[in-house]
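Enquirer: Take a look at this one; I'll ask things after.
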Amino acid sequence: TEVGSAFHSWGALYENTRLPAVNVLSKDVTYICPFVGALRGILTVTNYRLFFRCINREPAFLLDLPLGVISKVDKIGGASSRGDVSYGLVCKDMRNLRFVYKPPEDSLQKSAFDVLTKFAFPNSNNLPLFAFEYDQVFPENGWKVYDALAEYKRQGLPNESWRISKVNDHYELCDSYPASLVVPVTITDEELRRVAAFRAKGRIPVLSWIHPESQAAVVRSSQPMSGVSGKRCKEDEKLLQAIMDANAQSHKLFIFDARPSVNAAANKMKGGGCESEDAYQNAELVFLDIHNIHVMRESLRKLREVVYPNIEDSHWLSNLESTHWLEHIKLILAGALRMADKVESGRTSVVVHCSDGWDRTAQLTSLTMIMLDAHYRTVTGFQTLIDKEWVSFGHRFQQRVGHGDQNHTDADRSPIFLQFIDCVWQMTQQFPAAFEFNEYFLITVLDHLYSCLFGTFLCNSEQQRVREELSKRTVSLWSLVNSQLEEFVNPLYVHYSSHVLLPSVSIRHLQLWLTYYIRWNPRMRPQEPVHQRYKELLAKRAELQKRVEELQRDVANRASVSSERAGSPTRSITPVQTFV
């Protein structure tokens, strides 16, 4: 069925989930399907999901939509001559849905759409997000996946050049940064406070990752507030010099500004700007030409128009090109590749920032770390990366996604995290054996970016999450994933601990992620569900592994028998070493 099969594997994960208490039915509702036409059925709305079941179609048609996915509810026109009312739902996952229904004759009786509008936008109706109501218990506790000090210890930190500062322990230095920050040992906390006054939003340069051999570091920050007059801060200059000095392999520092140079220059008029190579000795400034949140939002809007509901086959390539979506993906990947190359091949530390350091900066640091460190290509390593570089370092999920907010036109909304996941998917296509997780895992992450079922992507900062006690009051998405790992494992995965990935970022090697962006179109969906294919491959892999183990035992037994015979006084046989 059109949407039903697309939701089948997703819904299977929640078969045992207790349904919420609020439950409103509308029995005579018509879903205007763009692919098969009008479908009459029963619409059920809870405080978490919308569920539509067709009553006059075989096989059964099912539509299952978490309310958090809804971005906008529109009443289309007035009542028809039959008294029917039409509603349109604009969704965050590339769909638009339309329903027609007859309002209840009793004006005091609430319709399913009244309930839907209320619970789709709880923040706008002074209600809690559903994540605070959801109390499913999983065998694994996903909130324990990321521990900042444990992750820094894994990287070999602190060491003789870097220390873990508690200057932001109570989020007083920077309210959008985590409590634990890694900085050069030669910089005092008082100097960090002066740097915070010079960097946008107080987001000082701090270490994200360090190379285990060369000690070249990936450092993130926000823009310097140099302004039109070119203000300087000696403590900031000292900090960047200390970052360079902490790496004995190089006497140079690369500063990557994610923005186009013209945008950085325009920011000077607002008091922002970029580092001057005159002020920062031995530093080279590089612009990566990645556009801002507004350009990305418009690009996704154009992509939606191209992929849903109808795809114009004769103009597919030109229409896709006009969205510039893949061009933006290319620029993000290309920026991360340049950073990874400087760290790995150039053995040089890099500092990266955009304007505020919580959008493009997070994309670049996390992709660079995936390229350089195989740990982040495992399931738990990738979870750690998201919790660290995105969640704890203050990507504004609440504003960029608009959780529970009915302001569909909010200028702060932007698909920044979606682009990051898209970039990761592009890498999985070029290196299919390098990632422990599969495509279904990436899609699940994006589905729950919007669903508001879990607390993982709620709020804008670590400070807000601590204040809201998310780890106590909500369930982590990683609890679900880590309790059902077999659903998310890549059957082709081969672990190489020191393997560096340097993907091709040429536009001809990039592709539109059809399984995500066009999954709602039945004409574009694979005949065999991807999820089913993963399960079959994993079963085949397990079968082959079992056979290999049997053969290894057989060889070991034969070798044992041969050695016993070789030790007999009646025979003398030259031992033969067998390689398996």
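The values are calculated or read from the model by the stated rules, or taken from the named source; none is laboratory data. Note that the coordinates shown come from a computational prediction; the quantities given were computed from them, not determined experimentally. When we count neighbours, we look across all protein chains shown, and the Cβ atoms used for this are built from the backbone with ideal geometry, even at glycine.
Enquirer: Tell me which helices (runs of 4 or more DSSP H) are completely within the stretch 146-251 and hold 3 or more residues being touching a helix residue (DSSP H, G or I) at 6+ places or on another chain (Cβ under 7 Å), assigned by TED's automatic domain parsing to the domain that holds residue 336 and over 24 Å from residue 342 (Cα atoms), or say none if there are none.
Expert: 189-198
Enquirer: Turning to a different aspect of this structure: Would the stretch 455-470 turn up any residue that is in the same structural domain as residue 503 (by TED's automatic domain parsing), touching a strand residue (DSSP E or B) at 6+ places or on another chain (Cβ under 8 Å) and at pLDDT 95 or above? Spell out how you get there, then give the answer.
Expert: Of the stretch 455-470, the ones in the same structural domain as residue 503 (by TED's automatic domain parsing) are 455-470.
With the extra rule that they be touching a strand residue (DSSP E or B) at 6+ places or on another chain (Cβ under 8 Å), the set shrinks to none.
No, because not a single residue in the stretch 455-470 is in the same structural domain as residue 503 (by TED's automatic domain parsing), touching a strand residue (DSSP E or B) at 6+ places or on another chain (Cβ under 8 Å) and at pLDDT 95 or above.
Enquirer: Now for a separate question. Go over the candidates 337, 364 one by one and state the one that is closer than 22 Å to residue 146 by Cα and either in the same structural domain as residue 433 (by TED's automatic domain parsing) or of a type in the set (A, V, I, L, M) (or both).
Expert: Answer to the selection: 364.
Enquirer: Between 451, 414, which is in contact with a strand residue (DSSP E or B) (Cβ under 8 Å, 6 or more places away or on another chain), in contact (Cβ under 8 Å) with a residue 12 or more places away in the chain, surrounded by 23 or more Cβ atoms within 10 Å (Cβ to Cβ) and not assigned by TED's automatic domain parsing to the domain that holds residue 47?
Expert: The conditions single out 451.
Enquirer: Here's a follow-up. Could we say that residue 465 is in contact (Cβ under 8 Å) with a residue 24 or more places away in the chain, basic (Lys, Arg), in a helix (DSSP H, G or I) and more than 19 Å from residue 437 (Cα to Cα) here? Walk me through it before giving the result.
Expert: Values: in contact (Cβ under 8 Å) with a residue 24 or more places away in the chain: yes; basic (Lys, Arg): yes; in a helix (DSSP H, G or I): yes; more than 19 Å from residue 437 (Cα to Cα): yes.
Against the criterion (in contact (Cβ under 8 Å) with a residue 24 or more places away in the chain, basic (Lys, Arg), in a helix (DSSP H, G or I) and more than 19 Å from residue 437 (Cα to Cα)), residue 465 qualifies.
Enquirer: Turning to a different aspect of this structure: Say whether the condition of being touching a residue at least 40 places away in the same chain (Cβ under 8 Å) and over 23 Å from residue 409 (Cα atoms) is met by at least one residue in the stretch 65-75.
Expert: Checking the stretch 65-75: not a single residue is touching a residue at least 40 places away in the same chain (Cβ under 8 Å) and over 23 Å from residue 409 (Cα atoms).
Enquirer: With respect to residue 541, determine if the residue is modelled with pLDDT of 90 or more, basic (Lys, Arg) and out of contact with any strand residue (DSSP E or B) (no Cβ under 8 Å at 6 or more places or on another chain). Please lay out each step first, then the result.
Expert: Working: modelled with pLDDT of 90 or more: no; basic (Lys, Arg): yes; out of contact with any strand residue (DSSP E or B) (no Cβ under 8 Å at 6 or more places or on another chain): yes.
The answer is no for residue 541.
Enquirer: I've got another one for you. Kindly indicate the residue of the stretch 405-444 that is touching a Ser or Thr at 6+ places or on another chain (Cβ under 9 Å), aliphatic (A, V, I, L, M) and part of a helix (DSSP H, G or I) and also nearest to residue 491 (Cα to Cα) among those meeting that condition.
Expert: 442
Enquirer: Need the failing condition index for residue 380 against (1) crowded, with 24+ Cβ neighbours inside 10 Å; (2) assigned to a helix (DSSP H, G or I), just the number.
Expert: (1)
Enquirer: Please work out which residue is surrounded by the fewest Cβ atoms within 10 Å (Cβ to Cβ), limiting yourself to the stretch 23-60 and to residues that are in contact with a Gly (Cβ under 7 Å, 6 or more places away or on another chain) and modelled with pLDDT of 85 or more.
Expert: This residue is 53.
Enquirer: Looking only at the stretch 271-305, which residues are part of a loop (DSSP other than H, G, I, E, B) and without any contact (Cβ under 8 Å) to a residue 12 or more places away in the chain?
Expert: Of everything in the stretch 271-305, those that are part of a loop (DSSP other than H, G, I, E, B) and without any contact (Cβ under 8 Å) to a residue 12 or more places away in the chain turn out to be 277, 278.
Enquirer: Would you mind finding the one in 93, 64 that is surrounded by 13 or more Cβ atoms within 10 Å (Cβ to Cβ), modelled with pLDDT of 95 or more and under 29 Å from the mean Cα position of the chain (by Cα)?
Expert: Within the list 93, 64, the selection yields 93.
Enquirer: For the list (1) of a type in the set (Val, Ile, Thr); (2) closer than 30 Å to residue 52 by Cβ; (3) part of a loop (DSSP other than H, G, I, E, B), I need the number of the one condition that residue 117 fails.
Expert: So the condition that residue 117 fails would be (3).
Enquirer: Test residue 335 against the criterion of being farther than 19 Å from residue 421 by Cβ, surrounded by 19 or more Cβ atoms within 10 Å (Cβ to Cβ) and touching a residue at least 12 places away in the same chain (Cβ under 8 Å), and give yes or no.
Expert: no
Enquirer: Given the conditions (1) within 25 Å of residue 430 (Cβ to Cβ); (2) surrounded by 17 or more Cβ atoms within 10 Å (Cβ to Cβ), and given that residue 353 satisfies all but one, which numbered condition is not satisfied?
Expert: For residue 353, the failing item is (1).
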